[in-house]
Amino acid sequence: MSRRPIIQMIGIEKIYPDGQYALRGVDFEVFEGEIHGILGENGAGKTTLMRILYGEIRPTRGRIFVRGREVRFSGPWDAIREGIGMVYQHFSLIPSFTVRENLYLSMLSMNKKIRREDIDEIAREYGEMIGFKISLDEVVEDLPIGVQQKIEILKTLMRGARILILDEPTSVLSPLETVELFKILRRLKESGYTIIYITHKLREIKGLTDRVTIMRRGRVVSVVETDKVSEEELAKMMIGSEEFVFKRSEVKRKEKTEKRRILEIRGVSVVDDKGVEKVREVYLEIFNGEILGLAGVQGNGQKELAEAIAGIKKVSRGRIFFNGLDITDLDVRERYRLGISYVPDSRGEALIYNMNLVENFILTSLERYMNSLKIIDWRRVRKDLLKAVERFDIKTRSLDLDVRFLSGGNQQKLIIAREFSRDPKLLIVSEPTHGLDIMSTIYVRDLLRKFRDSGRGVLLISSDLDEIYELSDRIAVINRGRIVITGDPKELPPEKIGYYIGI
Amino acid sequence: MRKIFLEEAGSLYQRRALRYLLIFLEPMTAFAIATLINAFILYLLRYDPLEVYSVMFLTGYSDIHYLFIKSSPYIATGLAFSTPFLAGIFNIGGEGQLYVGALTALLASYVSRNFLISILTGSIAGALLSGLIAFLRVYRNVNEVVTAIMLNWIMYYITSYIITVYIYDPFAPYQSRPVPREAVINPDLMFIISVFTALIIYIVLFYTSIGYMMRVVGRSFRSAVYSGINIKRIMILSMMIGGGSAGLGGALIPLGTSPHVLDNTMSALYGVGFMGIGIGLLGRNNPIGIIIASIFISGLIIGGQNVERIIGAPPEVVDVIIGITIVMLAIPYILRNILAKRGVYI
């Protein structure tokens, strides 16, 4: 491997117009032909730094050199011209277009004269290089996420990128897809490509990268060669030694007193907007003092099932009982009032980004803060919110800040704080630690355990098997809308679950 | 938590001061640019910009009393645009709702000889008309802008027809019979009613559950679905509040301004509803802002009429000046909204 830096970023600072510091003077260097990891918790500034490199945001201060030459990007198009490409967490493909149309569209922005027929040739050439074959006539939305991601990579390569930035690429992938992605990345490295890999997962850093830059709170903490450090050392650097509490809290499990059924789902089917049956005759029960872990690859009907319980989606068949009461025909607000609480996987759904913390705090508990004239008692909202902010350690400059300015972890804490302060009997929570840093993850999982131990029920939907095993008292696996198996985690080893997830 | 508050308190206040300064600076800059563009246009048309401006601004805002009266219907139509806008519906039908409000209020005044009943009739009629637009949008997925534009014209001709055929004044057949003397209101009351309506809507929007739900629907449809808000109902309701306000504005015009009639070309009403769109945007879709914007624009309109009278510039020139001023002042706001949709927040 050559030791020539292909990218140098010097003294990068980024201060947002609202005064928030994202980067506080970062030096960053990548050698040609290496896989370089950027490790850090959420809000450490990893993505901001890379979006600056990609020309998407402009730094407040600092200089960027590509191949030793100083550059000043006015937009991603300039970065692309320098051979830098970025693959986002959320894909930028048009779902209703075919693969060819998507590739054509992206090539068109590089070369106005390109013809649709040329696409096939170029796509095959690059496809062979990374060992990826696909029919270009497939419509993107019909393809699995992992394949869409490969198309995204292919697209970036076809635009002539020699330096690839990947932003948490595995957050949407299943374990098998992750393995395939790593294969592609290694092949690219062999062909001389440079890869920058953003993540907060230690295992991926260890397994993939040559060197790693560790960031914390807008600063670079350290740059190390990956094979010279252990996962523990990486973790320490990432979260800072003073905060390093890796020990999992050990909450004593109370002996179950009386088994009471909180939720009973009887033969529920749900049809989505396009008329596709997403949930097929599901039978499930949740008891008090229990976390039921619902495992499965995303998009197998979990969301629809959760929404059916919350009342957001109507069921096409079956009944739902909550504490013995048939709630199938009740609307969302009535169900929330009865004590059902739902934390969806998408924070943009549970929060209104351009409203402040105070306004977001009452989204699901409006009734509680209204007087008889239906006037909202904002002062009481503020008082309760302030308590919740302290109790859940939500970091914010002010309660009047729009929640879009909070980091992902703090947004998630705010959602959980809001839902917990409603004192629900049943919590449906979907991917609760998705995208969270280690500290927040531990914290959220502890909260869920405590919630369970206070004798209430949790439906935990997660595509992260570690999380399912760590928290669940019982496990159910959903696959193409059907519950394929339920059982005790002790009797269901991961291989078996993996089998049921994948069949 | 507390530590963080203390640490950054100083800079927080500085930032806040900066933000308020920006709120003030932004429209001033926009206004200055508008003035420059207008000066250039006036120069091209061979009018002396300084003379035009001096007439416009010195006479436009000199008679506070008249200024307030003039601004009253604009407050109402500004609210008619902004209230639905906050809930995510584009009410471009303020004009039609204004006509129907004026007509029904006039008709009601003949029968009831009572201003309160007339005003209520006008408001309800406006609300029902806008409710129809919202209903078609929500349940039939008909674009509200298209419906509203068509209904504006339908209402224009219906009103004109009714005036000419049924309620014409035998001595001046191009206009209606006047409002009965018992139902005429003091012009000052127009302003009081309008401002009161704006304050009520302000409270509804920011202090009641209904207003909260409207703002949630307007800002995040997904969050509204998630929290179980009845989106259809809220959208229709916001539109009806808007239409009711436009109807109110329409009712106030014949009841409060002499000669207390409507003519068959709607000269007292024409354009007041459309101006509400500009005023709503200018007032940053905030009822209090709308009051200020209405007074500001009314001054320009009054001053513009004097420009016509004293300098002899045609009304079109004055319209251009007012139009450019509104567009310039609305640009920062619209720009910010567009950028926010792309995830850039200024």
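Taken over the stretch A:193-210, the criterion of being in a strand (DSSP E or B) and of a type in the set (Phe, Trp, Tyr) is satisfied by A:Tyr197 alone. Checking each residue in the stretch A:394-412 for being part of a helix (DSSP H, G or I), more than 10 Å from chain B (Cβ to nearest Cβ) and not aliphatic (A, V, I, L, M) picks out A:Gly408, A:Gly409, A:Asn410, A:Gln411, A:Gln412. State whether the residues of the stretch A:330-343 include one that is crowded, with 22+ Cβ neighbours inside 10 Å, more than 8 Å from chain B (Cβ to nearest Cβ) and hydrophobic (A, V, I, L, M, F, W, C). Yes, there is a match, as at least one residue in the stretch A:330-343 is crowded, with 22+ Cβ neighbours inside 10 Å, more than 8 Å from chain B (Cβ to nearest Cβ) and hydrophobic (A, V, I, L, M, F, W, C).
The listed residues are A:Tyr54, A:Tyr21, and the only one of them that is touching a helix residue (DSSP H, G or I) at 6+ places or on another chain (Cβ under 9 Å) and among the hydroxyl-bearing types (Ser, Thr, Tyr) turns out to be A:Tyr54.
To keep it simple, each residue is scored yes or no on (1) of a type in the set (Lys, Arg); (2) more than 29 Å from A:Glu56 (Cα to Cα); (3) touching a helix residue (DSSP H, G or I) at 6+ places or on another chain (Cβ under 6 Å).
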{"site": "A:Thr156", "(1), (2), (3)": "no, no, no"}
{"site": "A:Arg159", "(1), (2), (3)": "yes, no, yes"}
{"site": "A:Leu166", "(1), (2), (3)": "no, no, no"}
{"site": "A:Leu173", "(1), (2), (3)": "no, no, yes"}
{"site": "A:Leu176", "(1), (2), (3)": "no, yes, no"}
{"site": "A:Leu185", "(1), (2), (3)": "no, no, no"}
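Here is the figure for the stretch A:302-329: residues that are more than 28 Å from A:Leu173 (Cα to Cα), within 14 Å of another protein chain (Cβ to nearest Cβ) and surrounded by 17 or more Cβ atoms within 10 Å (Cβ to Cβ) total 2. The residues of the stretch B:169-190 that are touching a residue at least 60 places away in the same chain (Cβ under 8 Å) and either assigned to a loop (DSSP other than H, G, I, E, B) or touching a strand residue (DSSP E or B) at 6+ places or on another chain (Cβ under 8 Å) (or both), listed by number, are B:Asp169, B:Tyr174, B:Gln175, B:Ser176, B:Arg177, B:Pro178, B:Val179, B:Pro180, B:Val184, B:Ile185, B:Asn186. Which condition number in (1) part of a helix (DSSP H, G or I); (2) within 11 Å of chain A (Cβ to nearest Cβ); (3) more than 20 Å from B:Thr147 (Cβ to Cβ) is the one that B:Gly218 fails? Every listed condition holds for B:Gly218 apart from (3). Of all residues in the stretch A:166-180, at least one satisfies being in contact with a Phe, Trp or Tyr (Cβ under 7 Å, 6 or more places away or on another chain) and either of a type outside the set (Ser, Thr, Tyr) or not in a helix (DSSP H, G or I) (or both).
Evaluate the stretch A:348-360: report whether one residue or more is more than 9 Å from chain B (Cβ to nearest Cβ), small (Gly, Ala, Ser) and crowded, with 23+ Cβ neighbours inside 10 Å. The answer is no; no qualifying residue exists. Inside the stretch B:61-85, residues that are in a helix (DSSP H, G or I) and surrounded by fewer than 24 Cβ atoms within 10 Å (Cβ to Cβ) make up a count of 8. What pairs can you find where one residue is in the stretch B:287-305 and without any contact (Cβ under 8 Å) to a residue 60 or more places away in the chain, the other is outside any helix (DSSP H, G or I), and their Cβ atoms are less than 6 Å apart, with a gap of 6+ or different chains? Short answer, once both residue conditions are applied: B:Gly289/B:Gly283.
Any residue at all in the stretch A:292-301 that is buried (at least 24 other Cβ atoms within 10 Å of the Cβ), more than 22 Å from the chain's Cα centre (by Cα) and over 25 Å from A:Lys259 (Cα atoms)? No: the stretch A:292-301 contains no residue that is buried (at least 24 other Cβ atoms within 10 Å of the Cβ), more than 22 Å from the chain's Cα centre (by Cα) and over 25 Å from A:Lys259 (Cα atoms).
In this structure, A:Thr396 qualifies as in contact (Cβ under 8 Å) with a residue 24 or more places away in the chain and among the hydroxyl-bearing types (Ser, Thr, Tyr). Scanning the stretch B:221-259 for residues that are away from chain A (no Cβ under 12 Å), farther than 18 Å from B:Arg137 by Cα and either basic (Lys, Arg) or in a loop (DSSP other than H, G, I, E, B) (or both) turns up B:Thr257, B:Ser258, B:Pro259. Condition first: crowded, with 16+ Cβ neighbours inside 10 Å, of a type outside the set (Val, Ile, Thr) and not in a loop (DSSP other than H, G, I, E, B). Now tell me which residues in the stretch A:489-503 satisfy that. Those that are crowded, with 16+ Cβ neighbours inside 10 Å, of a type outside the set (Val, Ile, Thr) and not in a loop (DSSP other than H, G, I, E, B): A:Gly498, A:Tyr500. Here the stretch A:361-374 is the region considered, the condition is being surrounded by fewer than 20 Cβ atoms within 10 Å (Cβ to Cβ) and either under 24 Å from the mean Cα position of the chain (by Cα) or more than 9 Å from chain B (Cβ to nearest Cβ) (or both), and the residue that is nearest to A:Glu334 (Cα to Cα) is A:Arg368. Take the residues in the stretch A:447-488 that are charged (D, E, K, R) and in contact with a Ser or Thr (Cβ under 7 Å, 6 or more places away or on another chain), then tell me which one is surrounded by the fewest Cβ atoms within 10 Å (Cβ to Cβ). So, considering only residues that are charged (D, E, K, R) and in contact with a Ser or Thr (Cβ under 7 Å, 6 or more places away or on another chain), the one surrounded by the fewest Cβ atoms within 10 Å (Cβ to Cβ) is A:Arg474.
Applying a threshold of 8 Å to beta carbon distances and a minimum spacing of six or more residues, or different chains, the list of pairs starting in the stretch B:251-277 at a residue that is at pLDDT below 90 and of a type outside the set (Ser, Thr, Tyr) and ending at one that is surrounded by fewer than 20 Cβ atoms within 10 Å (Cβ to Cβ) and in a helix (DSSP H, G or I) reads B:Asn264/B:Ser160; B:Asn264/B:Thr164; B:Met266/B:Tyr156; B:Met266/B:Ser160. Filtering the stretch A:413-435 to residues that are of a type in the set (Lys, Arg) and assigned to a helix (DSSP H, G or I) leaves A:Lys413, A:Arg418.
Determine, yes or no, whether A:Gly68 is farther than 16 Å from A:Leu166 by Cβ, surrounded by 14 or more Cβ atoms within 10 Å (Cβ to Cβ) and away from every other protein chain (no Cβ under 14 Å). No, not satisfied.
Table: residues versus (1) in contact (Cβ under 8 Å) with a residue 40 or more places away in the chain; (2) over 23 Å from A:Ile195 (Cα atoms); (3) in contact with a His (Cβ under 7 Å, 6 or more places away or on another chain).
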site: A:Leu105; (1), (2), (3): no, yes, no
site: A:Leu108; (1), (2), (3): no, yes, no
site: A:Ile122; (1), (2), (3): no, no, no
site: A:Met129; (1), (2), (3): yes, no, no
site: A:Val139; (1), (2), (3): yes, yes, no
site: A:Gly146; (1), (2), (3): no, no, no
site: A:Lys150; (1), (2), (3): no, no, no
site: A:Lys155; (1), (2), (3): yes, no, no
site: A:Asp167; (1), (2), (3): yes, no, no
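Candidates are the residues of the stretch A:187-216 that are closer than 13 Å to A:Leu166 by Cβ and of a type in the set (Lys, Arg); the one that is surrounded by the most Cβ atoms within 10 Å (Cβ to Cβ) is A:Lys189.
The values are calculated or read from the model by the stated rules, or taken from the named source; none is laboratory data. Predicted model, so just to flag it, every value in this text is computed and none were measured. Reconstructed Cβ throughout: ideal geometry from the backbone, glycine too, with neighbour counts over all protein chains shown.
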